[in-house]
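What follows is a set of notes on a single structure, which appears directly below.
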Amino acid sequence: MKQDIFQAIADPTRRAILTLVAIQALTPNAMAEKFDMSRQAVSKHIKILQECELIKPEHSGREIYYHFNAKKMQEFDNWVAQFRQNWEKQFNQLDELLSTIKNQKK
């Protein structure tokens with residue numbers, strides 16, 4: 001069953017893994033060294049991220065390196081972008097209101 005990208009990034013450990021592999025491709029063992037949990041627990045997180053296509057495996061000899069999939073994250077960003085414009089508009093309106101209130105108190 002394919003995992004939901006929102007559930008995948010909701011977990012702080014998976015967000016930390018994404019941050020790590022966005023900087024540099026890592027093996028599961030290298031990732032596990034960064035966390036205070038078992039290699040098997042990290043593997044479960046990796047599996048979820050891979051099912052969501054947020055990371056991609058690349059075999060190099062006997063090792064598997066996981067790479068950040070920026071294209072998939074771009075899809076997520078595009079979805080969020082539709083709300084960003086509305087948020088910015090509301091924040092600008094709030095700034096204007098606060099500025100008006102501040103000027104009236106002078």
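Only the coordinates and a few stated rules stand behind these numbers; no lab work does. This is a predicted model, so every value here is computed, not measured. Positions of Cβ are backbone-derived with ideal geometry, glycine not excepted, and every protein chain shown enters the neighbour counts.
Once you've got the Cα coordinates, tell me which of Lys44/Lys89; Lys34/Lys56; Lys34/Lys89 are over 31 Å apart. Listed pairs above 31 Å: Lys44/Lys89; Lys34/Lys89.
Once the Cα atoms are used to define both axes, helix 12-23 deviates from the longest principal axis of the chain by about 80 degrees. The phi torsions of the stretch 26-36, fed into the Karplus equation with coefficients 6.51, -1.76 and 1.60 and a -60° offset, translate into couplings of 9, 7, x, 5, 5, 5, 4, 5, 7, 10, 8 Hz, rounded to whole numbers, with Gly and Pro shown as x.
Percent of alpha carbon pairs in the chain separated by more than 21 Å? Counting every Cα pair in the chain, those more than 21 Å apart make up 48 percent. Sum up the charges of everything whose Cβ sits under 9 Å from the Cβ of Asn29, counting Lys and Arg as +1 and Asp and Glu as -1, but leave Asn29 out. My count for the surroundings of Asn29 gives -1.
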